[in-house]
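Please treat every number below as a calculation from the coordinates, not as lab data. All figures in this text were calculated on a predicted structure; none of them were measured in a lab. Every residue, glycine among them, receives a Cβ derived from its backbone with ideal geometry; neighbour counts consider all protein chains shown.
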Amino acid sequence: MRVGILTGGGDCPGLNPAIRGAVTRGIEFGFEMVGLEEGWRGLLEMKTMPLSLETVDSIVAQGGTILGSSRTNPFKKKKDGSDDSELAFENFHKLGLDALIAIGGDDTLGVASKLYEKGFKTVGVPKTMDNDLSCTDYTFGFDTAVTVAVDAMDRLRDTAKSHRRIMVVEAMGRNAGWVALWSGLAADSDWTLIPEVPLHLKEMTDQLKDSYARKRFGIVVASEGVNFLNVPESDRVQLSEKSQAIFAEVEDEAKKGGKLDNFGHPVLAEQKVGPRVAQIIENETGVETRHVVLGHIVRGGSPTVFDRILGTRVGVKAAEMVKDGEFGMMAALQGMDVVAAPLADAVGTNKTVPPEWFETAKIFFK
Ligand code: F6P
């Protein structure tokens, strides 16, 4: 059996452990394992590499992905209305693939699910630092991202204390606030802003004034996906004119429409959440405030033990699912077990932060 394997979408630590898991278990079953390079681009351009025990030796400790990644989308409509899906189907056959393991988040797995609906034997492995994939309790990449963010915040607290400043940390996570919320809880933030909860900015800045009066520094973490249009009117009118001008800017940008990626997601870095939150805090509190955009830093480096083990387990399970003919399914962590869950269910709706999590975080905004 010839089994392809690819990693698509934003990279994250844990991809190499997952590749190692699938390849090692696949070789045990007598499969020929072949890597498709740079996500779905590898299928469209037929860029492949052989995968052996030597190729995956020691990669468990490496960040990134030895296969490369991209946000190539074979179903993306071009200007003339066509897409590359027929080419993907053709190349699947040309490459002599009997099955394909796709490691990715909702976009990559969405493509795997569509291919399965067209009769191709695909199996999914969930990954994303955003932790926003349904049907799985955690995705690898998330634990490492939070660990790096917490380390950054611990460092920023030192400099905030020295300079009697407030530091705002912008964390990735797309439209789910998992990374910001967990980092904030673990690093004792004075406030956390996540996309799932309306932005009570007046309440935040009042709270920051109180805590600043006591301890003379502050740390705020804001998810890149927070929407300034999600500030309740009652809150907004209490802010200074300078801060309100920021909302007008955001409204203007929203009307124009921003840059989208190949899967139609807005490029959230363009929303300038960190700088804008810092500006609002400085306007409202009068405390010197700085911001730091963590960006891609949290996606690099060696995976944590949790991500190494989770990546390994879901990779191993994917090879077992190929052997057992469980196609159109994804290797999911449910409780302590790794089980097969339907790809179509996993990619349907994102898993966002339940509001009660925010209530727990709020206990510590003191
Ligand atoms: O989905 C993972 C993620 O890191 C998001 O948190 C972020 O919005 C996006 O990818 C950034 O994408 P890119 O690497 O294409 O800039």
*Could you count how many residues in segment 238-272 are within 11 Å of the ligand (Cβ to nearest atom), in contact (Cβ under 8 Å) with a residue 40 or more places away in the chain and of a type in the set (A, V, I, L, M, F, W, C)?*
3
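Restricting segment 285-296 to residues that are away from the ligand (no atom under 11 Å from the Cβ) and more than 14 Å from K161 (Cα to Cα), which is farthest from the chain's Cα centre (by Cα)? Lay out the reasoning, then the answer.
Of all residues in segment 285-296, those away from the ligand (no atom under 11 Å from the Cβ) come to 285-293.
Okay, now just the ones that are also more than 14 Å from K161 (Cα to Cα), so 285-286, 291-293.
Details: T285: 32, G286: 34, H291: 21, V292: 19, V293: 15 Å.
It comes out as G286.
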*strands (runs of 3 or more DSSP E) wholly inside segment 1-104 that include at least 3 residues being within 16 Å of the ligand (Cβ to nearest atom)*: 99-104
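Could you check how many residues of segment 115-152 are among the polar types (S, T, N, Q), in contact with a Lys or Arg (Cβ under 7 Å, 6 or more places away or on another chain) and within 13 Å of R308 (Cα to Cα)? Before the answer, list the steps.
In the first step, residues of segment 115-152 are kept if they are among the polar types (S, T, N, Q); the result is 122, 128, 131, 134, 136, 139, 144, 147.
Then keep just the ones that are in contact with a Lys or Arg (Cβ under 7 Å, 6 or more places away or on another chain); that gives 134, 139.
When the remaining residues are screened for being within 13 Å of R308 (Cα to Cα), the result is 139.
Selection size over segment 115-152: 1.
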*asked:* Pull out all pairs, ordered by first then second residue, where Cβ-Cβ is under 7 Å, the residues are six or more apart or on different chains, the first lies in segment 285-302 and is in contact (Cβ under 8 Å) with a residue 40 or more places away in the chain and basic (K, R), and the second is in a helix (DSSP H, G or I) and surrounded by 18 or more Cβ atoms within 10 Å (Cβ to Cβ).
replied: R290/A278; R299/A145
*Working only within segment 1-49, note down all residues that are touching a strand residue (DSSP E or B) at 6+ places or on another chain (Cβ under 7 Å) and of a type in the set (V, I, T).*
V3, I5, T7, I19, V23, I27, V34, T48
*Within the set of pairs 6+ apart or on separate chains, which have a first residue in segment 56-71 that is closer than 14 Å to K127 by Cα, a second that is in a loop (DSSP other than H, G, I, E, B) and away from the ligand (no atom under 16 Å from the Cβ), and C-beta atoms under 6 Å apart?*
G63/S302
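For K323, are the conditions met, namely being surrounded by fewer than 20 Cβ atoms within 10 Å (Cβ to Cβ), out of contact with any strand residue (DSSP E or B) (no Cβ under 7 Å at 6 or more places or on another chain) and not in a helix (DSSP H, G or I)? Steps first, answer last, please.
Details: surrounded by fewer than 20 Cβ atoms within 10 Å (Cβ to Cβ): yes; out of contact with any strand residue (DSSP E or B) (no Cβ under 7 Å at 6 or more places or on another chain): yes; not in a helix (DSSP H, G or I): no.
No: the conditions fail for K323.
Of the residues D132, D98, which is within 28 Å of I27 (Cβ to Cβ) and surrounded by fewer than 24 Cβ atoms within 10 Å (Cβ to Cβ)? Give the derivation first.
Numbers: D132 fails: within 28 Å of I27 (Cβ to Cβ).
Going through D132, D98 in turn, just one is within 28 Å of I27 (Cβ to Cβ) and surrounded by fewer than 24 Cβ atoms within 10 Å (Cβ to Cβ): D98.
Do you know which residues across segment 279-319 are in contact with a Ser or Thr (Cβ under 6 Å, 6 or more places away or on another chain), assigned to a helix (DSSP H, G or I) and crowded, with 22+ Cβ neighbours inside 10 Å?
First, pick out the residues of segment 279-319 that are in contact with a Ser or Thr (Cβ under 6 Å, 6 or more places away or on another chain): 280-285, 303-304, 307.
The next check asks that each one be assigned to a helix (DSSP H, G or I); those that pass are 280-285, 307.
Result: I280, I281, D307.
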*For K351: the one exception among (1) farther than 20 Å from V3 by Cα; (2) in contact with a helix residue (DSSP H, G or I) (Cβ under 7 Å, 6 or more places away or on another chain); (3) not acidic (D, E)*: (2)
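Go through segment 154-166 and report how many residues are outside any helix (DSSP H, G or I) and surrounded by fewer than 17 Cβ atoms within 10 Å (Cβ to Cβ).
Adding up the residues that qualify gives 1.
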